[in-house]
Protein chains: 2
Amino acid sequence: MTKDRVTVIDIARAAGVSKSTVSLVLQASPLVNEVTRAKVNAVIRDLGYVYNRGAANLRQSNSKSKIIGIVVNDLTNSFFAELAVGVDMVVQSAGYVQFLANTAESVDRQREVIASMREHGISGLILSPARGTDANDLKPLVASGIPVVNVVRQVAGAKVSSLVSDNHAGMRDAVRHLAGLGHHRIAFLGGFPDTAVFNERLQGYRDALSDMDLALHDELVVSSAPSRAGGVAAIERALMLRERPTAAVCFNDAVAFGVCDGLRAHRLDPGEDFAVIGFDDVIEAQTAVPALTTISVDPQGMGRRAAQLLLKQINAGRADAEAIVSSVRLVVRQSCGAAIDKRERLSLL
Amino acid sequence: MTKDRVTVIDIARAAGVSKSTVSLVLQASPLVNEVTRAKVNAVIRDLGYVYNRGAANLRQSNSKSKIIGIVVNDLTNSFFAELAVGVDMVVQSAGYVQFLANTAESVDRQREVIASMREHGISGLILSPARGTDANDLKPLVASGIPVVNVVRQVAGAKVSSLVSDNHAGMRDAVRHLAGLGHHRIAFLGGFPDTAVFNERLQGYRDALSDMDLALHDELVVSSAPSRAGGVAAIERALMLRERPTAAVCFNDAVAFGVCDGLRAHRLDPGEDFAVIGFDDVIEAQTAVPALTTISVDPQGMGRRAAQLLLKQINAGRADAEAIVSSVRLVVRQSCGAAIDKRERLSLL
DNA sequence: CAAAATAATTGGAACGTTCCAATTTTGTCA
DNA sequence: TGACAAAATTGGAACGTTCCAATTATTTTG
């Protein structure tokens with residue numbers, strides 16, 4: 001149908017100028033005369049020219065490619081979908097386009113996709129590392145000067161920037177809140193124990209218990225897959241204890257929703273008979289019934305900040321690693337049974 | 001730190017062969033002797049060479065770029081996140097990498113990102129078009145011979161392949177099922193009326209009502225945003241009718257969850273006091289309480305099939321448009337109150 | 001063992017752009 | 001108007017790869 005692709009030479013010929021001039025107008029250089037610019041632009045439109053970034057990138061010093069990569073460990077988790085949306089927003093309006101890949105927690109897949117992205121000349125990478133990612137996996141990337149921003153999870157020993165949420169403080173606040181409501185037996189439900197995130201959150205849980213002079217019972221810590229199904233399983237186990245907990249902090253919101261499901265299956269009303277607190281504040285948390293009390297990390301905002309950090313490093317040319325821990329706040333809704341607070345407060349008016 | 005990037009010439013020099021030979025081994029050509037191949041591969045590893053696809057693509061006839069684009073209208077909707085995961089799977093194992101962009105229903109953004117992807121030389125595009133997308137928006141793409149597969153939504157008049165689910169049949173089956181359970185006043189809740197998907201589903205609803213000799217009441221059709229919040233709003237409105245519905249089919253699962261939330265807020269038990277059916281069968285549908293009866297479209301499978309179709313067209317070189325409507329099935333769970341069926345069936349044993 | 005056939009390797013042109021240095025055009029001023 | 005400065009334009013080399021035709025090395029065969 002259409003002939004060969006139209007190049008800068010074609011439009012030079014058609015506009016009666018040299019290819020250099022065309023190149024200049026493509027880069028909006030101030031060197032070119034207004035009337036020539038207009039003429040060239042007109043021809044560009046007429047011929048339906050499309051810029052070949054590959055060719056341009058070949059000539060230009062490497063990595064002004066206007067491509068960044070984002071690889072996440074579980075895109076089916078809406079936390080990461082939100083994160084990707086946040087990244088997409090800032091990246092898009094900076095004229096970049098993003099490669100997105102899902103590793104499903106496989107380091108092999110992760111290695112492959114990162115290699116592939118590198119071949120395509122990404123100028124930066126946002127990475128939520130798969131479980132078991134080693135600092136060596138990132139070595140070649142940073143050696144070649146490509147900025148990397150780790151999100152959500154750190155990689156020990158990797159000299160790259162990171163943006164994680166304050167897991168310790170978040171969980172501490174959650175537990176303190178429950179203790180303040182009078183709960184003594186508070187469970188910690190869900191998550192895989194071999195991850196840094198899990199351990200940070202667990203430490204927050206422990207520290208809060210000791211702050212509040214509550215005993216730490218190991219059987220109240222029940223790990224599971226960090227998913228809705230995992231939440232069901234975890235509360236299941238917790239309810240089988242001789243001495244049941246009366247409240248739970250959960251590894252994340254997905255687990256918390258599962259916990260609510262499991263409670264209902266036992267004819268317990270989450271928020272009334274049992275207090276539940278999540279972590280993440282995914283979008284459904286506010287509309288669910290009961291609305292989920294949770295630690296808000298604003299995944300979309302986190303994506304935006306990660307992207308901004310990455311773009312900054314790309315533009316700076318030099319990427320000195322900075323570790324940002326993003327502060328986090330407790331959002332009290334119905335699922336922790338503290339709605340009474342609100343009623344009381346209202347009655348004071 | 002590192003010097004300039006290592007090229008095919010560097011490794012040719014180091015291996016004592018010509019760049020042509022190196023190129024040959026890169027493409028795993030059978031023309032090259034085993035021992036040379038081994039030597040070259042060793043050097044490649046040693047020097048940490050990374051293939052420059054941009055350069056390769058420049059020389060090769062256009063669009064063996066190993067990049068495909070996927071642009072969706074709402075990535076925060078887990079349906080699309082799942083879809084993207086499905087695409088990612090097949091695309092990844094075919095050695096491709098995907099650009100992913102979210103348009104948030106903006107045709108302007110959509111135009112921009114598609115243009116940008118084109119500049120980067122995608123060899124194919126999977127598109128869930130933003131509302132209001134015109135066939136002209138896709139014209140330049142198909143004119144330049146880039147295969148496009150529309151998913152979820154069609155674009156009238158565009159000569160591109162499409163893969164949509166059987167909206168009409170799905171909704172018809174849902175309504176028939178409810179009618180079969182004895183419901184007479186069945187509402188249709190959620191969705192924007194100016195979309196093709198909405199109208200197909202609505203038509204299925206209407207046809208089923210007339211099949212089952214039920215009256216069609218306009219006030220039982222309540223549109224809203226196709227989201228959880230929209231579902232809350234829609235059931236809210238439906239419950240204010242003098243003559244309330246006793247069951248509802250929902251535009252999608254997000255709406256259905258919202259409807260359940262809204263019902264509970266009115267102290268109605270979804271699945272007991274009111275039957276609810278969704279559409280999509282997102283991953284949470286089976287674990288929610290009550291488990292959601294819904295029309296299963298298997299978004300991940302849809303993503304996989306879309307990707308396969310696209311890859312087929314890319315490889316074929318020629319992309320003759322084919323329109324696939326993906327069949328769909330009713331998955332009966334608790335939310336429609338038909339769990340009794342199961343009990344009855346069991347008691348027959 | 002020479003000739004022919006086959007296997008393996010190679011140099012150079014090409015892909016579409018940018019950049020540099022050089023050139024041409026236009027404008028200014030004494 | 002001539003000299004000079006400033007503005008605008010330009011040709012060609014370079015980026016890292018692939019492809020083609022041509023060359024060289026190795027085998028086979030009569």
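Here are the numbers for the structure shown:
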item: Any hit, region A:192-213, residues being in contact with a Phe, Trp or Tyr (Cβ under 6 Å, 6 or more places away or on another chain) and either among the β-branched types (V, I, T) or assigned to a strand (DSSP E or B) (or both); result: no
item: Of all residues in region B:3-18 being under 18 Å from A:E119 (Cβ atoms), assigned to a helix (DSSP H, G or I) and not acidic (D, E), the one that is least open to solvent (accessible area, probe 1.4 Å); result: B:I11
item: Residues (touching a helix residue (DSSP H, G or I) at 6+ places or on another chain (Cβ under 7 Å) and more than 10 Å from DNA strand D (Cβ to nearest atom)) located in region A:10-42; result: A:D10, A:I11, A:A14, A:N41
item: Test result for B:V50, over 28 Å from A:M89 (Cα atoms) and more than 16 Å from DNA strand C (Cβ to nearest atom); result: yes
item: Matching residues, region A:239-273, being outside any loop (DSSP other than H, G, I, E, B) and in contact (Cβ under 8 Å) with a residue 40 or more places away in the chain; result: A:A247, A:A248, A:V249, A:C250, A:D253, A:A254, A:V255, A:A256, A:G258, A:V259, A:C260, A:P270
item: Listing of strands (runs of 3 or more DSSP E) fully contained in region B:141-189 that carry 2 or more residues being more than 21 Å from B:E112 (Cβ to Cβ); result: B:161-165, B:186-189
item: Residue within region B:100-109 that is within 12 Å of DNA strand C (Cβ to nearest atom), in contact with a Leu (Cβ under 6 Å, 6 or more places away or on another chain) and either of a type outside the set (D, E) or within 29 Å of A:V142 (Cα to Cα) (or both) present; result: no
item: Selected residue (criterion: most open to solvent (accessible area, probe 1.4 Å)) from residues of region A:143-179 that are over 24 Å from A:Q300 (Cα atoms) and basic (K, R); result: A:K159
item: Any pair with Cβ under 8 angstrom, 6 or more apart, that starts in region B:3-32 at a residue that is within 14 Å of another protein chain (Cβ to nearest Cβ) and ends at one that is open to solvent by 50 Å² or more (accessible area, probe 1.4 Å) and more than 9 Å from DNA strand C (Cβ to nearest atom); result: B:R5/A:N62; B:R5/A:S144; B:V6/B:L47; B:V8/B:L26; B:L26/B:Y51
item: Complete set of residues in region A:180-217 that are crowded, with 19+ Cβ neighbours inside 10 Å, within 17 Å of A:L241 (Cβ to Cβ) and touching a Ser or Thr at 6+ places or on another chain (Cβ under 8 Å); result: A:H183, A:I186, A:L189, A:G190
item: B:G124 away from chain A (no Cβ under 11 Å), of a type outside the set (V, I, T) and surrounded by fewer than 16 Cβ atoms within 10 Å (Cβ to Cβ); result: no
item: Region B:54-63 - residue that is within 31 Å of the chain's Cα centre (by Cα) and open to solvent by less than 60 Å² (accessible area, probe 1.4 Å) and, of those, farthest from the other protein chains (Cβ to nearest Cβ); result: B:S63
item: Number of the condition not met by B:Q98 [criteria: (1) surrounded by fewer than 20 Cβ atoms within 10 Å (Cβ to Cβ); (2) at the interface with chain A (Cβ under 8 Å from one of its Cβ atoms); (3) not charged (D, E, K, R)]; result: (1)
item: Yes/no for B:L214 being under 19 Å from B:V152 (Cβ atoms), of a type in the set (A, V, I, L, M, F, W, C) and away from chain A (no Cβ under 14 Å); result: no
item: Identity of the residue in region B:218-227, open to solvent by less than 50 Å² (accessible area, probe 1.4 Å) and outside any strand (DSSP E or B), that ends up nearest to the other protein chains (Cβ to nearest Cβ); result: B:S227
item: Qualifying residue in region B:68-79 (condition: closer than 30 Å to B:G301 by Cα and either assigned to a helix (DSSP H, G or I) or within 13 Å of DNA strand C (Cβ to nearest atom) (or both)); result: yes
item: Residue match in region A:76-93 (condition: without any contact (Cβ under 8 Å) to a residue 60 or more places away in the chain and more than 7 Å from every other protein chain (Cβ to nearest Cβ)); result: yes
item: Test set (1) away from DNA strand C (no atom under 16 Å from the Cβ); (2) outside any loop (DSSP other than H, G, I, E, B); (3) more than 9 Å from chain A (Cβ to nearest Cβ); (4) in contact with a helix residue (DSSP H, G or I) (Cβ under 9 Å, 6 or more places away or on another chain) - B:R45 fails condition number; result: (4)
item: Residue satisfying all of: in region A:24-50; among the hydroxyl-bearing types (S, T, Y) and either surrounded by 16 or more Cβ atoms within 10 Å (Cβ to Cβ) or in the same structural domain as A:H120 (by TED's automatic domain parsing) (or both); farthest from the chain's Cα centre (by Cα) among these; result: A:T36
item: Given (1) more than 15 Å from DNA strand C (Cβ to nearest atom); (2) at pLDDT 95 or above; (3) over 41 Å from the mean Cα position of the chain (by Cα), number of the condition B:K3 does not satisfy; result: (2)
item: Test for B:R131: is it of a type in the set (K, R), touching a residue at least 12 places away in the same chain (Cβ under 8 Å) and within 8 Å of chain A (Cβ to nearest Cβ); result: no
item: Residue match in region A:180-203 (condition: under 24 Å from A:D298 (Cα atoms) and within 14 Å of chain B (Cβ to nearest Cβ)); result: yes
item: Unique residue being in contact with a Leu (Cβ under 7 Å, 6 or more places away or on another chain), open to solvent by 40 Å² or more (accessible area, probe 1.4 Å) and at pLDDT below 95 when the list is A:I340, A:I283, A:I324; result: A:I324
item: Of all residues making up region A:68-108, the number that are under 13 Å from the mean Cα position of the chain (by Cα), under 24 Å from A:G191 (Cβ atoms) and among the charged types (D, E, K, R); result: 2
item: Residue within region A:64-76 that is open to solvent by 30 Å² or more (accessible area, probe 1.4 Å) and near DNA strand D (Cβ under 9 Å from one of its atoms) present; result: no
item: Qualifying positions in region A:290-324 - touching a residue at least 40 places away in the same chain (Cβ under 8 Å), closer than 30 Å to B:P290 by Cβ and not in a helix (DSSP H, G or I); result: A:P290, A:A291, A:L292, A:T293, A:T294, A:I295, A:V297
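The values are calculated or read from the model by the stated rules, or taken from the named source; none is laboratory data. What you are looking at is a predicted structure, and each value in this text was computed from that prediction instead of being measured. All Cβ positions, even for glycine, are placed from backbone atoms using ideal geometry, and neighbour counts span all protein chains on display. Just the protein is used for accessible areas: all its heavy atoms, side chains included, with ligands, DNA and RNA removed. Shrake-Rupley method; radii C 1.70, N 1.55, O 1.52, S 1.80 Å.
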